[in-house]
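The values are calculated or read from the model by the stated rules, or taken from the named source; none is laboratory data. Owing to the predicted nature of the structure, the values given are computational and were not obtained by experimental measurement. Positions of Cβ are backbone-derived with ideal geometry, glycine not excepted, and every protein chain shown enters the neighbour counts.
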Amino acid sequence: MRGCLRTVRWVDAVRSAALSLAVVLPISAGSMPSSARASLAQEPKLVLKTTAFEPGGIIPKQFTCSGADVSPALSWSDPPSGTQSFALIVDDPDAPMGTFVHWVVYNLPASARQLPQGVPKRETAAGGKQGQNDFPKTGYGGPCPPPGKPHRYSFRLYALDTTLNLAPPVRRADVDQAMQGHVLAKAELMGKFAR
């Protein structure tokens, strides 16, 4: 009988402790809405935008070799803390001979939040430096696919924890190699174009 009483007391003690935890845990973990807890757990995300075309939409002719061949205006927000510079790569993964590079920009200052339309096609521009595209020319070279189905054009912005010490002429491979181990965040925007 005494053994039964001990068992009953032990079970009651365990239940009491469990109820105490059930009361304490919701107060500490649930003192704020789940949406607020989720937002605290996530840092702002680097986002790349343009007013020139909708994400996944058609790139207007003025930004291609069929038009004025000027670069579209780009803007971005929420780089991670510790960002020292930005790099931008624009390429066409659908090119017949493999990925074709249309624009290489690097060492944009950490304070930069945009590139204007029509960045001049010279080595130093918009507060950063421009490398050679695959035409091969310095600066932006717009979409210029062979006639046929639309090609995709990827605009990729990288937030880096350093600036890149590169000697011209700078190609995409040079930037890719120098960025290794220094990318804090990446944002991507895609547009399409066909001739």
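Points to keep in mind about this one:
- The numbered conditions (1) in contact with a Cys (Cβ under 8 Å, 6 or more places away or on another chain); (2) more than 20 Å from residue 57 (Cβ to Cβ) are all true for residue 143 except (2).
- Selected residue (only one of 87, 112, 185 is hydrophobic (A, V, I, L, M, F, W, C), in a loop (DSSP other than H, G, I, E, B) and either touching a Phe, Trp or Tyr at 6+ places or on another chain (Cβ under 8 Å) or under 14 Å from residue 74 (Cβ atoms) (or both)): 112
- Some residue of the stretch 47-68 being among the aromatic types (Phe, Trp, Tyr) and more than 19 Å from residue 194 (Cβ to Cβ): no
- Output for the stretch 115-133, where each listed residue is part of a loop (DSSP other than H, G, I, E, B) and either surrounded by fewer than 19 Cβ atoms within 10 Å (Cβ to Cβ) or small (Gly, Ala, Ser) (or both): 116, 117, 118, 120, 121, 122, 123, 126, 127, 131
- In the stretch 90-101, the residues that are under 17 Å from residue 158 (Cβ atoms) and either part of a strand (DSSP E or B) or among the hydrophobic types (A, V, I, L, M, F, W, C) (or both): 90, 91, 101
- Members of the stretch 143-192 that are in contact with a strand residue (DSSP E or B) (Cβ under 8 Å, 6 or more places away or on another chain), among the aliphatic types (A, V, I, L, M) and under 14 Å from residue 133 (Cβ atoms): 170, 175
- Residue under evaluation residue 104, criteria (1) touching a residue at least 24 places away in the same chain (Cβ under 8 Å); (2) in a loop (DSSP other than H, G, I, E, B), criterion not met: (2)
- Of the residues making up the stretch 136-165, those that are assigned to a loop (DSSP other than H, G, I, E, B) and surrounded by 14 or more Cβ atoms within 10 Å (Cβ to Cβ) are 139, 140, 141, 142, 143, 144, 145, 150, 161, 162, 163, 164.
- Cβ separations smaller than 6 Å between residues 6+ apart or across chains give the following pairs from the stretch 179-195 residues that are farther than 26 Å from residue 142 by Cα to residues that are hydrophobic (A, V, I, L, M, F, W, C): 182/160; 184/159.
- Residue 168 meets each of the listed conditions (1) surrounded by fewer than 16 Cβ atoms within 10 Å (Cβ to Cβ); (2) modelled with pLDDT of 95 or more; (3) in a loop (DSSP other than H, G, I, E, B); (4) on the phi < 0 side of the Ramachandran plot apart from (2).
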